Structure formats: structure tokens, C-alpha cells
Amino acid sequence: MRDLIALTVVASLLGSTTLGCKKKSDDANPRPEATTPAPAPAPSTKLPAHVKAATPATPAPPAAAAAAAPVLGDKVEIPAAHVVFNVPGGWKKSTTANGWTLFKAPDNHARLGYVAFEQPGEATSRLGQLAEAFELTNMTWGGPTEGAVGKDHFPDHEGDTTTCTMKNGDACTMRYMTINPGGSVQMMMVYLVNTARGEHQRAHATASINSLRRM
């Protein structure tokens, strides 16, 4: 009976020792606990004290409008000289008692005129009529040159003013062309530009004269 009790005590002690070792082993290697990753911090929008906030760019002003391209309007026929040309668009027509046909720009800062003739030496007298027809107070001419004008390159004598003053006191320039279209009738074309206010009209006047052509 003593031996049985001794065996039971020994068995009990062995079991306790085994459980203690197992528990210590489990504590030495604990199972990892599942963890939820912390959210990343939101980026800061606050600039460091030494950095200045950028100033929004100011839109560039629109580019200056380009000069208007020449615009031609009505077709004008000159049957006696067998030619035709187009006047600048919107220019107002008038005539004089001595045969000039004139066209005035809407802003009155440029004018264009023509006359046909066939008498010898008439070109000189026609030049003498320009101051009155174009309302000038002063006009002197430089020396004439030989040239060509229009789409069909009609030969001409042409010249420019060295001084020119309008009745309102503004300075101006005038150019004349005595044109030989190939028949007995010749013609003179003239344009005037107010140099103080009307340079934008020069291209319209020259485009009109350059449109001269045979009928």
C-alpha cells in the first residue's frame, strides 16, 4: 500500500513538471496578435514660415489687334480709258464740276480721286486742280518718276508731295499717277492721307489703285 501511494505521488509530480514546462514554452513563443495598420497622416498644406505663397499668375493682356487688311468695295468702270478698278470699301463718292470723281474715307482721314482726259498737256492743268479738289492749303511736289501701276502694269508718271497741309491744319501726303492705259485717253489717279491721323487708311488707298486693270 505504501508503494502504491509513493507511485501516485511521483506520477503527480511528473505531470505537474510537464505542464509547467509546456506553459513556459508557450510563453516564450507567443502567437502574434493581428494589428490594423495606422492610417498615414494627411499631407500638410501649411507652408514653412520662410516660404512665401506663390502669387497667382496674372493673365497676359490680349495682343494688340493687327491692322485691318485692305478691303475693296464697288467696281468703278472708266469706259473712255477702257479700265476698271475697285474703290476702298465704304468710301463715299462725290464729283466735282471739272470732272474729278472723289472717294472719301469714313473718318475723313484719306481720299482717292481720278479723272480721265485726252488733251495734250492736260495733265499739268489737272495737277493744278488738286489743292481745291482735296481741300488743301499748301502743296508742293517733288520731281516725277517713271513707273507702272495696276494689275496690268500700265506705264505712268508719278510723284509725291514734299509739303502738304489740309485745311484743318493737319499734315498730309499726296501721290499722283498719270497713267497711259494704251489708248488716246489717259487718266490721273491721286490719293491723299492725313499723316497725323490716317496712316491706317493708306493701305486701302494703295490697294484700290493696285486693282486697276483693263475692262
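The values are calculated or read from the model by the stated rules, or taken from the named source; none is laboratory data. Because the structure is a prediction, the values reported are computed rather than measured. As a convention, Cβ positions derive from the backbone with ideal geometry for all residues, glycine included, and neighbour counts pool all protein chains shown.
Quick look at the values:
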| item | result |
| --- | --- |
| Candidate set from the stretch 67-112 (those that are among the β-branched types (V, I, T) and touching a residue at least 24 places away in the same chain (Cβ under 8 Å)); member that is surrounded by the most Cβ atoms within 10 Å (Cβ to Cβ) | V83 |
| Failed criterion for N168 (all others in (1) surrounded by fewer than 23 Cβ atoms within 10 Å (Cβ to Cβ); (2) modelled with pLDDT of 95 or more hold) | (2) |
| Test for V115: is it surrounded by 12 or more Cβ atoms within 10 Å (Cβ to Cβ), in contact with an Asp or Glu (Cβ under 6 Å, 6 or more places away or on another chain), touching a residue at least 60 places away in the same chain (Cβ under 8 Å) and under 19 Å from M174 (Cα atoms) | no |
| Strands (runs of 3 or more DSSP E) lying entirely in the stretch 53-106 (those with 1 or more residues that are modelled with pLDDT of 95 or more and under 15 Å from N210 (Cα atoms)) | 72-78, 83-88 |
| Scope the stretch 107-121; condition under 14 Å from Q186 (Cα atoms) and modelled with pLDDT of 95 or more; matching residues | Y114, V115, A116, F117 |
| Residue under evaluation Y191, criteria (1) over 26 Å from L72 (Cβ atoms); (2) of a type in the set (F, W, Y); (3) under 32 Å from the mean Cα position of the chain (by Cα), criterion not met | (1) |
